[in-house]
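Take a look at the structure below.
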Amino acid sequence: MVRYPHMKLYEEKQFNLPTIEGLSADQIDVHLKLYAGYVKHTNLIKEQIASLKDSDTPQYVIDELRRRFAFEFDGMRMHEYYFEQLEGGAKEAGDNFKDAVSDKYGSFEDFIAHIKEVGGSRGIGWIVVSHDDKENQIHTTFAADHELGHLAGTKVLCAIDMWEHAFMVDYKPASKGDYLNVILENMNWEVVGNRFS
């Protein structure tokens, strides 16, 4: 397969996850394998586009691969944010981050309540807490799919997977709020705060 001379492929990251009370080892294993698939397909699409560039392939085929690349890449990256936040076990956020979210939501507890409210949105997607450094504002949104609904130019601080694959081994769709509680109780807010800093 033809490649650009300096094409760099992505590597599947390994996460040092603790035992998470409320999520089974099977659930975590299924989810990690799904993440590995996003890494694999991100690389495959990069290679396919490179190999088709100098061929007689119709341009629309390459265009569709480019559109699909955003889905695979964002699926890979959002899962990396998600799993990194669970490494090291539950830890409190630093004062800098707590102050920033309290400034917007009233208190850290109100911020968590807002995350739960956003998590109740119908459909699949992600809860995304992001920082708009141009206006120094924090936003908590629900992003459909992996590549749709992100706020342009903002930095992802926290990503919580609300697709069924994240919880269906352990929870029914009607119980996704229970799954979200588990994630929030096991969140390493230090990691999130470091992204903010």
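The set of residues in segment 1-52 being surrounded by fewer than 14 Cβ atoms within 10 Å (Cβ to Cβ) and over 30 Å from Leu180 (Cβ atoms) consists of Met1, Val2, Arg3, Tyr4, Pro5, His6, Met7, Lys8, Leu9, Ser51.
Taking the criterion of being modelled with pLDDT under 95 and over 26 Å from Asp145 (Cα atoms), would at least one residue in segment 58-69 satisfy it? Yes - at least one qualifying residue is present in segment 58-69. Annotation note: of Phe69, Phe73, the sole residue that is assigned to a helix (DSSP H, G or I) and within 26 Å of Tyr179 (Cβ to Cβ) is Phe73. Only one of the listed residues (Gly119, Gly123, Gly149) is over 12 Å from Phe196 (Cβ atoms) and in contact with a Leu (Cβ under 6 Å, 6 or more places away or on another chain). That residue is Gly119. Taken over segment 10-33, residues that are of a type in the set (S, T, N, Q) and under 18 Å from the mean Cα position of the chain (by Cα) amount to 3. Kindly evaluate Gly89 against the criterion of being assigned to a loop (DSSP other than H, G, I, E, B) and outside the structural domain of Gly177 (by TED's automatic domain parsing). Judged against the criteria, Gly89 is a match. Where strands (runs of 3 or more DSSP E) fall entirely within segment 112-197, those with at least 3 residues that are surrounded by fewer than 19 Cβ atoms within 10 Å (Cβ to Cβ) are at 137-143.
Reported count of residues in segment 78-104, each being under 22 Å from Met162 (Cα atoms) and without any contact (Cβ under 8 Å) to a residue 60 or more places away in the chain, is 1.
Does Gly88 meet the test of being surrounded by fewer than 19 Cβ atoms within 10 Å (Cβ to Cβ) and at positive phi? The answer is yes for Gly88.
With respect to the conditions (1) of a type in the set (D, E, K, R); (2) over 26 Å from Ile160 (Cα atoms); (3) part of a loop (DSSP other than H, G, I, E, B), Asp63 lacks only one, and its number is (3). Of all residues in segment 87-104, those that are of a type in the set (Lys, Arg) and within 12 Å of Arg195 (Cβ to Cβ) total 0.
Hey, can you tell me all the residues within segment 54-85 that are among the aliphatic types (A, V, I, L, M) and surrounded by 14 or more Cβ atoms within 10 Å (Cβ to Cβ)? Answer for segment 54-85, where residues must be among the aliphatic types (A, V, I, L, M) and surrounded by 14 or more Cβ atoms within 10 Å (Cβ to Cβ): Ile62, Leu65, Ala70, Met76, Met78. Among the residues making up segment 142-165, those that are closer than 15 Å to Arg77 by Cβ and either touching a helix residue (DSSP H, G or I) at 6+ places or on another chain (Cβ under 6 Å) or in the same structural domain as Gly75 (by TED's automatic domain parsing) (or both) are His146, Glu147, Val156, Leu157, Cys158, Ala159, Ile160, Asp161.
The values are calculated or read from the model by the stated rules, or taken from the named source; none is laboratory data. Source: prediction; values computed, not measured. Note: ideal-geometry Cβ built from the backbone for every residue, glycine included; neighbour counts use all protein chains shown.
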